[in-house]
1. Farthest toward the dipole's positive end in the chain, which of V504, N265, Y94, given Cβ charges of +1 (Lys, Arg) and -1 (Asp, Glu) about the Cα centre?
2. With a Förster radius of 35 Å, plug the Cβ-Cβ distance of Q428 and T204 into 1/(1 + (r/R0)^6) and report the FRET value to the nearest 0.05.
3. Near A556, within a Cβ-to-Cβ distance under 12 Å, what is the net charge of the other residues, with Lys and Arg +1 and Asp and Glu -1?
4. With point charges of +1 on the Cβ of Lys and Arg and -1 on the Cβ of Asp and Glu, referenced to the Cα centre of the chain, which listed residue (S125, A205, H7) lies farthest in the positive direction of the dipole?
5. So if I place +1 on the C-beta of Lys and Arg and -1 on the C-beta of Asp and Glu, and nothing else carries charge, what would the dipole magnitude of the chain be about its Cα centre? I want it in debye, nearest 20.
6. So how tilted is helix 138-147 from the main axis of the chain? Cα-based, degrees 0 to 90, rounded to 10.
7. Dipole of the stretch 178-239, Cα-centred, from +1 at each Lys and Arg C-beta and -1 at each Asp and Glu C-beta, to the nearest 20 debye?
8. Just add up the charged neighbours of D492: K/R +1, D/E -1, any other residue whose Cβ is under 12 Å from the Cβ of D492.
Amino acid sequence: MQPGLSHWNAETDAAGLLDITLGALLREQARRHADRPAIIFDEYDDRPALRWTYAELDRRVDDLAKALLAAQVNHGDRVAVMAPNCPEWILLEYALARIGAVLVTVNPAFRRSELDYLLGQGRVSMVFATGQYRGHDVAGMIGEMLGKPARDDNGAPAHTYPDLRRIIGIGAAAIAGASTFADFVAEGANVDDAHLERRAASVTAQDIVQIQYTSGTTGQPKGAMLTHSGTINNAMLAGRRAGYRETDVMVSAMPLFHTAGCVCNVIGMAAVGGCLVTMEQFNATRMLDLIEAHGGTITNAVPTMYVRMLQDEALVSGRRNLAGWRVAYTGGTAIPPSLMRELNERTGADPVIIMGMTECSPIITQTVPTDPFDRKISTAGVPLPYVEIRIADPIDGHTVPTGAEGELLIKGFLVMAGYFDMPERTAQAIDSEGWLHSGDLGVLDGDGYLRIVGRIKDMIIRGGENIYPVEIEDHLLGNENVAEAQVVGVPDAEFGEEICAFVVPRPGCEIDGSLLRDWCRKTLSRHKLPRYVVALPRMPQTANGKVRKVALRDLARSMIEQGTLS
C-alpha cells in the first residue's frame, strides 16, 4: 500500500506466473495424473452420470480437436457454444483452446434478438447448440433464424450471418440440418496426431481463449476477450490462495457459460490436478448428495444457493456427513455475513469471498484464509498476486485517501485484451496507462482490504446525501426472512430521490414491509431507511442471471404512478 492512499502495489508470488496455454495445461496434467478423476458429471439430459480421468479427458479433447481441424476451424476463429452444463461443453472449452480457436460463451436461455446480435457482432463461424433448454425450443428458434435469408442491396438472397458455416447439435433434441455431436467428432478420424500437434504448438499463452459477452444491463453487450494466460493464472492464483490441493474435489452447479464455471471451476481444478464434480443445473438437495457421495472438499456457489442448501431437510436434522467440506467459495455484491457464519457453523466449511468481473478473467480480490473469521466475512479480501488496484475519484481520476469512496481501477495480467471489434468501447474501459475502469464504487482500507459499496450509476442522491444501495442491501440480507435484496432510487418531489427496497423472502417466510422498515430503523441511519419495501417472488434478471435494476426502477416508477407503492 502507498501510505495514506488507496493504491495497492502488485505483490509477487514465489511460483511466478505460468506461460502456458489451456490445451498444454490439460496435456501436462494428463501426463502427471493420468488415472486421477478429472471430471465427474452428474446425471444430465436423461443420460447417466459419467467419470473421466485426466488421461481420458485429454484423449477425448484430442478427438474433438481433430474434428474441428477437419471442419477447417482456423486459429482465431470464433466458435459459439450455446448449451447448459454438459460434458460436451467442457470438451469444447479444451478442444477449441488446443487448436487456438476462440470459445464464445452463450447462455442457452438467449432468445432470438440476443443470439442474433451475438452471432453478427461476434462474427461467429460455427455454433454448437442444444436443441431444447427448460422448455425453450432452441432448435426451432435457430431454424427460424437461418431459414429466411436476408436480401442484399440488389435484392438477392444474402445470409444474415456471412461468417457462420455450420451448426452442430448437442443433446437429444435434434436441430434441423445440423450434425449431431457424435457424428461431428467422428469426422476427425482421418486427422493425424502430427497435424494436431503442429496446430497446438502454434498457440501462445497471449492468444484469446474465449469471448464472454457482458450482460448488457445498459447498452449493447460487449464481448470481453480473455487470454489463455489471464484465465489460467487467475484460476491458479485464486486456488493457491484458497489452499487448493491436488486431492481436492470441487462440487458446483455454476453455469459453464460464466467465468465462475469455465474458469474458476474447470481451470481452477485443472491447475491443481483436482477433480470437478459438476451438475446440469442447481438443486440444493442433489448438490449436498454429491458432496457426500464424492467426498466434496470445495464448493462454488452464489449466496442464494447456500441459503437453499441450508434449508435442506437432511442437513437441518443432522443427517448429512459433510466432514470433508473445507472451502465454500462465493462472490457477489451482497454477501450477508450472517449467512457465511451460519454456513460455517453448520457445515464447518470456511467461506472464501471474492470480488471479480468478467473483464478481469474474473477474480480481482479474495479473502485470506489465515485472517480472523469476522474479517473474512466482512470484506472481499485483498488483490491476488500480480494485481494492482487503486481507488480513484470518478471526476478527476486522482487516487483517494484510504477509507474514502471512489471508482475501483485494476491493472495486471488479468485485464482483458479488449472488447471484440469495439475499439472505442475498449478505450473507454482501459485508459492509456493500462488501468481498467470497473464502474464499481469501492473503499480500500489501510491494509488493502476491499469493500464494494455500489455502482457509480446506481448511486442514490437523497436530499443531497450520497447513498450506495449495496450498503442497504447488505443490511437487509441480515434479516432472517430475506433471501435476496435490491435497492433502487425512485423520484421524489421533496428529496429528489427516495429509497425503494425489493426483497425476495426465504422459503417458507413472509415479509411485511412495515415490520421490515421498523427492523431497519434500529440499526440504519435515518436517511438510509427504505421509504418503500416491495416483496417479489423472484428478481428480474438478464439472460446471464444478473439482476436487472433498470427493470426494478421501471416497476417502482410504475407502482408510484398507479398509487400502489406506499
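Rule-based calculations on the coordinates, nothing more; no lab input. What you see is a predicted model, and the numbers here were worked out from it, not measured in a lab. Counting neighbours? That spans all protein chains shown, and the Cβs are built from the backbone with ideal geometry, glycine included.
1. Going by the charge dipole, the pick is V504.
2. E(calc), rounded to 0.05, equals 0.80.
3. Working: positive: R531, K549, R553, R557; negative: D492, E497, E498, D554, E561.
Summing Lys/Arg as +1 and Asp/Glu as -1 gives -1.
4. Going by the charge dipole, the pick is S125.
5. On the way: 54 positive and 70 negative charges, 94 e Å.
Roughly 440 debye, rounded to the nearest 20.
6. The angle comes out near 70 degrees.
7. Working: 3 positive and 6 negative charges, 80 e Å.
In debye, rounded to 20, the stretch 178-239 gives about 380.
8. Numbers: positive: R462, R531, R557; negative: E494, E497, E498.
Taking every other residue near D492 into account, the sum is 0.
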